Each structure stands twice: as structure tokens, then as C-alpha cells.
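Engineer: Here's a structure for you.
The values are calculated or read from the model by the stated rules, or taken from the named source; none is laboratory data. These numbers were taken from a predicted model, which means no experiment stands behind them. Reconstructed Cβ throughout: ideal geometry from the backbone, glycine too, with neighbour counts over all protein chains shown. The protein model used for the area step is the full one, side chains on, heavy atoms only, and it has no ligands, DNA or RNA in it. Shrake-Rupley method; radii C 1.70, N 1.55, O 1.52, S 1.80 Å.
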Amino acid sequence: MAVLHRALFTWFNLLIFLILLVLRLDHRIQWNWFIVFIPMWLYDNILLVYIAFHMILSCKNTHERAVSIRRTVWYMIAVLIKLSAQILVCLKLETLQWTLPAKAVLAPFWALFAAFSVDVFLNLVRYSRY
Amino acid sequence: MIFSLNELVSWLGLTVFEIWINLVSLTIFTILLALKLDEIYFVESSGWWIVFSPLFIADALNTYFCAIIFIRMHMEGMMKVGILRTLWSMVTLLLLFVFKYLLCKKLAGPSNLDYSEVLSPVFILLQLIAIRACQLH
């Protein structure tokens, strides 16, 4: 996929999700939170397929195989953490009687943001690109 | 992931340093948010401003960084590119700041604003980002 297609696909999913989110928060619709998050589920699943496809391609490619596979595995884990975080948020919002602690719900986000911060920082230091 | 860091930089018009600042501030924000939601700290309604403070600090740092880049570009004679870059950064920062401010105000106390009004800066920003996406090669 060209970068334009990927960008527009991401943009469209985000737009639909934000519209549904606003409608739900303003009580214009009373849908289940798992339905409101459908654009995100769709996006994450396509992302997983895209990463898996890249992983297969990098397995075939003998040049810098180990680095490339390590990178795609990290991306796969990041998407799975994002998925689990979204499921926890939906559960917290939908099942109020469960009283899930916010710490448990937001813990995947801490891991994700902290890992991305380290990754971007290493990139910043390694290539000295500001 | 779906985008490389270079693609993100050229699409969003942010530098790697700005992305890093935003990520660090988001990490701190989510930790403070969990403490607030579990009612461990910042129990009073004004506590929302403390929870949102990392995001406001990140905005201030990014504004300072953009100002420095503009001054350096001006000194190197890249006036037109510098103005366009600073304009885009300032519009992005302003829209995101307004969104965070309105959200914090809504959460902190009685507010007549709907969430559709609170998120309106984000929707404007999304339109601008869509235009930038069409310029990608």
C-alpha cells in the first residue's frame, strides 16, 4: 500500500471513531461501547494482517532478516497491547458493576507510550535527527 | 508500524523531537489520570488541571522549540519555508491546546459545552491533516 492510501485509511477510521465517540458521549446514541469502537477494531485487525504480511516478506528476504523480524514482532506486540487496552476501556465503560480499577485499565497504555517513547528517543539519539 | 517515523514526520509536519515530547507527556498524563480516576490523588475537581498539566507543559515546550527553529531558519535565510513551517506548527498546537483546555474545563466543573463542541478543534485538525495526506508521495 502506498503511504497516501495508508494515511487516508487511518484518517477515515479515526474520523468515524471520533464521530461515534462524540455521539455516544453526548447521549445522542445509546450504543454499546464495543460497537462505538468498531472502527478501531477494524483498524487494528487490518494492521495485524499488514504486519503479518510484512513479517512473511522479511522472512523471505535474506538481507538484514533478524533486525527486520525483531522490528515486526515489536510492532505486533504493540498492536496487541493497544487491542487489550481498548477492550479494558470498553469493559470499564460498559460494565459499571465490575468496578475495574483505572490503574489496571490504563496500564497497557503506560506500557505502550513508555515503549514508544524509548523507541523514538533511541531513533533521535542514533540518527541525531531533531 | 503502519507508518515509519519518516512518513509520520512528513505527514503530520512534526519533528521527531516533538513526537518524543508528546509521547513522554502522554505517558505521564495516563499515570496521573489513573491516580485521579481511582481517587487516590487530586480528588477535588481542580485536580483535573494537575492531571492535564503534562500535556500543557508539552505544548509550551513544543511552542518554544518551534520558535527556536523559526529563528534559526530565519538566520539561515530560509524565510518562506520557515514561515510556512511555523504557521503549520502553531495552528496544530493551538487547535490541540484549545481541545485540551475545553476538555479539562468540562471535566473540572459544571460546563454547558457538549462533547461535540469540545472536540470541534480536533475535527478541524483532522480536515487539515487530510489535506496534508493528499500531498504525500
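Engineer: What are the residues in segment A:1-32 that are touching a residue at least 24 places away in the same chain (Cβ under 8 Å) and more than 17 Å from the chain's Cα centre (by Cα), if any?
Structural biologist: Listed by number, the residues that qualify are A:1, A:32.
Engineer: OK, next. Find all pairs meeting these conditions: Cβ atoms under 7 angstrom apart; at least six residues apart or on different chains; first residue within segment B:7-27 and in contact (Cβ under 8 Å) with a residue 24 or more places away in the chain and β-branched (Val, Ile, Thr); second residue open to solvent by 30 Å² or more (accessible area, probe 1.4 Å) and assigned to a helix (DSSP H, G or I).
Structural biologist: If the second residue must be open to solvent by 30 Å² or more (accessible area, probe 1.4 Å) and assigned to a helix (DSSP H, G or I), the pairs left are B:15/B:9; B:21/B:61.
Engineer: I'm trying to understand the selection: among the residues of segment B:32-48, which are more than 13 Å from every other protein chain (Cβ to nearest Cβ) and out of contact with any Cys (no Cβ under 6 Å at 6 or more places or on another chain)?
Structural biologist: Residues satisfying the conditions are B:43, B:44, B:45, B:46, B:47.
Engineer: Hey, another quick one. Would segment A:61-71 turn up any residue that is under 22 Å from residue A:32 (Cβ atoms) and within 22 Å of the chain's Cα centre (by Cα)?
Structural biologist: There is no residue in segment A:61-71 that is under 22 Å from residue A:32 (Cβ atoms) and within 22 Å of the chain's Cα centre (by Cα).
Engineer: Select from segment A:21-54 the residues that are open to solvent by less than 60 Å² (accessible area, probe 1.4 Å) and among the charged types (D, E, K, R) and list them in ascending order.
Structural biologist: A:24, A:26, A:44, listed by residue number.
Engineer: Could you tell me which numbered condition residue B:48 fails, if it satisfies all but one of (1) open to solvent by less than 40 Å² (accessible area, probe 1.4 Å); (2) at pLDDT 95 or above?
Structural biologist: For residue B:48, the failing item is (2).
Engineer: Quick one: which residue in B:67, B:133 is more than 14 Å from chain A (Cβ to nearest Cβ) and either out of contact with any helix residue (DSSP H, G or I) (no Cβ under 7 Å at 6 or more places or on another chain) or crowded, with 16+ Cβ neighbours inside 10 Å (or both)?
Structural biologist: B:67 is the lone residue from the list that is more than 14 Å from chain A (Cβ to nearest Cβ) and either out of contact with any helix residue (DSSP H, G or I) (no Cβ under 7 Å at 6 or more places or on another chain) or crowded, with 16+ Cβ neighbours inside 10 Å (or both).
Engineer: Hey, another quick one. Could you tell me how many of the residues in segment A:84-121 are over 20 Å from residue B:35 (Cα atoms) and either facing chain B (nearest Cβ under 10 Å) or buried (at least 18 other Cβ atoms within 10 Å of the Cβ) (or both)?
Structural biologist: Going through segment A:84-121 one residue at a time, the tally reaches 7.
Engineer: Next up: Could you grab me the full set of residues in segment B:1-19 that are more than 7 Å from chain A (Cβ to nearest Cβ), within 18 Å of the chain's Cα centre (by Cα) and outside any helix (DSSP H, G or I)? I'd like the intermediate steps shown before the answer.
Structural biologist: Going through segment B:1-19, the residues more than 7 Å from chain A (Cβ to nearest Cβ) turn out to be B:4, B:6, B:8-10, B:12-14, B:18.
Those left that are additionally within 18 Å of the chain's Cα centre (by Cα): B:8-10, B:12-14, B:18.
Of everything in segment B:1-19, those that are more than 7 Å from chain A (Cβ to nearest Cβ), within 18 Å of the chain's Cα centre (by Cα) and outside any helix (DSSP H, G or I) turn out to be B:13, B:14.
Engineer: Another question about this same structure. Within segment B:96-127, track down each residue that is surrounded by 15 or more Cβ atoms within 10 Å (Cβ to Cβ) and closer than 25 Å to residue B:4 by Cβ.
Structural biologist: Scanning segment B:96-127 gives B:96, B:122, B:125, B:126.
Engineer: Is at least one residue of segment B:53-60 open to solvent by 50 Å² or more (accessible area, probe 1.4 Å), free of Cβ contacts under 8 Å to residues at least 60 places away in the same chain and either within 12 Å of another protein chain (Cβ to nearest Cβ) or over 27 Å from residue A:21 (Cβ atoms) (or both)?
Structural biologist: Yes, segment B:53-60 contains at least one residue that is open to solvent by 50 Å² or more (accessible area, probe 1.4 Å), free of Cβ contacts under 8 Å to residues at least 60 places away in the same chain and either within 12 Å of another protein chain (Cβ to nearest Cβ) or over 27 Å from residue A:21 (Cβ atoms) (or both).
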